[in-house]
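Structure record follows, encoded as structure tokens.
A short reminder: the numbers here are calculations on the coordinates, not readings from a lab. Computed from a prediction, not measured in an experiment: that's the story for all the values here. Virtual Cβ from ideal backbone geometry, glycine too; neighbours counted across all protein chains shown.
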Amino acid sequence: MDIETLVKNGLQEGGLLDLENRKIGTSGAQALAKLEALSRVSRLELGDNDIGDEGVAALAESPYLSNLKILNLKSNNITSQGAQFIAQSKYLADLDQLIMKFNQIGEEGARHLAASESFPKLTTLDLFRNQMGPEGASAIKRSKIFKQLSRVRLD
């Protein structure tokens, strides 16, 4: 099934698009990022899709994600490079929740997120099991950007 059909059939009232565990991969994420229908999505569930850093890069550059409130990217083989793409995205400023558990962003990825100015409204950050180590966790905790956070999960 192509990504456009998945979106058309999967977009629910209220803005939920659940594509979790659909094995869309990098190419699916890149195709998804180009769809104008994403502008109607407020909650995007993309867990367990093997999107990787290139897929995340395409999503982070998509102007159609500017209405997104919740982004779930758990278990997608995202490294520090993918975390950097997300941290630098100018289209994710309205995010309330960012879920990236079970990836491999490491200490460097945690630093990218901690230094980002892209998430002024973020209240939930889930980075559980990302091999960030104490330095990465410390960078997140000290971040001046994450003043609104009320729920944080780190390694």
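Normalise the Debye intensity by I(0) for region 1-57, one equal point scatterer per Cα, no solvent, then take log10 at q = 0.13, 0.14, 0.24, 0.27 Å⁻¹ and round to two decimals.
Taken in order of the listed q values, log10 I(q)/I(0) reads -0.27, -0.31, -0.95, -1.20.
Could you please state, rounded to a whole Å, how far the C-alpha centre of region 1-57 is from the C-alpha centre of region 119-155?
Taking the Cα centre of region 119-155 as reference, the centre of region 1-57 is 25 Å away.
If you take the C-alpha gyration tensor of region 16-153, multiply each eigenvalue by 5 and take the square root, what semi-axes do you get, largest first, in whole Å?
22, 16, 12
Could you tally the net charge around residue 142, taking each other residue with its Cβ under 14 Å from the Cβ of residue 142, Lys/Arg +1 and Asp/Glu -1?
Value of the local net charge: +2.
Taking the alpha-carbon set of region 85-155, what are its Rg and Dmax in Å?
Taking only Cα atoms of region 85-155, I get Rg and Dmax of 10.6, 29 Å.
Would you mind calculating the relative contact order of the chain from Cα pairs under 8 angstrom and at least 6 residues apart, reporting the percent as a whole number?
In percent, rounded to a whole number, it is 17.
Which ³J(HN,Hα) values in Hz, rounded to whole numbers, follow from the phi angles of region 78-83 under the Karplus curve 6.51 cos²θ - 1.76 cosθ + 1.60, where θ = phi - 60° and Gly and Pro get x?
Whole-Hz 3J(HN,Hα) from phi for region 78-83: 8, 9, 4, 5, x, 4.
For the chain, set up a GNM with springs between Cα atoms under 10 Å and report which of 120, 63, 134 has the largest fluctuation.
Residue with maximal mean-square fluctuation among 120, 63, 134: 134.
Over region 1-97, consider all pairs of different Cα atoms and compute the Kirkwood hydrodynamic radius from their mean reciprocal separation; express it in Å, one decimal.
Taking the inverse mean of 1/r over all distinct Cα pairs, region 1-97 comes out at 12.8 Å.
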